[in-house]
Amino acid sequence: MPGNLQPAAPNGVMPASLCTAFTELREYVQLQNQYHDGTVQRSQLAQTSRRTFRLSKRLSASALSALYNFWVSQNGGLTPFAFYNPFDVAAGQHIGSNYDPTGNNTQGRVTVAFRGNWAQATDLARSDVQALELVEVA
């Protein structure tokens with residue numbers, strides 16, 4: 001039926017060792033018009049922010065291999081999957097204690113997909129994967 005969207009079903013869970021390599025960003029999508037007199041008119045397009053996660057760590061060879069293998073298993077980033085934000089835990093819990101390899105725990109779980117193409121730069125003992133980020137899809 002038009003207008004009814006089903007939430008994305010995650011296919012797999014990102015490995016715990018890679019979840020700590022990402023930092024969270026929030027976007028509030030809006031329309032914005034600026035007039036000649038300098039006034040600005042803004043209109044919010046969504047009720048909540050959209051979360052994105054950007055790779056913020058330089059990766060060792062084993063972590064780079066794990067990320068690449070996971071990226072390939074997700075059809076080059078086209079398939080949504082579960083990502084656990086290690087800092088989104090209940091009060092009094094340890095950072096990262098919300099991770100569940102089965103994807104059943106809802107605390108800190110975000111359904112995401114990769115955005116961007118795979119491009120890496122390798123320096124001495126560490127690698128950067130540029131322009132690859134995770135975008136919330138549900």
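Laboratory data are not the source of any read-out in this text; all were calculated from the coordinates shown. Values in this document were obtained by computation on a predicted structure and should not be read as measured data. Don't worry about glycine lacking a Cβ; one is built from the backbone with ideal geometry, like all the others, and counts go over all protein chains shown.
Things to note:
- Residue check, T52 hydroxyl-bearing (S, T, Y) and more than 11 Å from the chain's Cα centre (by Cα): no
- Segment 85-95, subset surrounded by 15 or more Cβ atoms within 10 Å (Cβ to Cβ) and under 16 Å from S17 (Cβ atoms), residue farthest from the chain's Cα centre (by Cα): P86
- A82 being buried (at least 17 other Cβ atoms within 10 Å of the Cβ), hydrophobic (A, V, I, L, M, F, W, C) and within 26 Å of T122 (Cβ to Cβ): no
- Test result for S73, within 27 Å of S127 (Cβ to Cβ) and within 15 Å of the chain's Cα centre (by Cα): no
- For the condition under 26 Å from W118 (Cα atoms), touching a Ser or Thr at 6+ places or on another chain (Cβ under 9 Å), surrounded by 10 or more Cβ atoms within 10 Å (Cβ to Cβ) and among the basic types (K, R), R58 qualifies.
- Those strands (runs of 3 or more DSSP E) of segment 38-137 in which 2 or more residues are touching a residue at least 12 places away in the same chain (Cβ under 8 Å) and among the β-branched types (V, I, T) occupy 109-115.
- Of all residues in segment 96-125, exactly one satisfies the criterion of being loosely packed, with under 11 Cβ neighbours inside 10 Å and either within 13 Å of the chain's Cα centre (by Cα) or under 14 Å from A16 (Cα atoms) (or both), namely T102.
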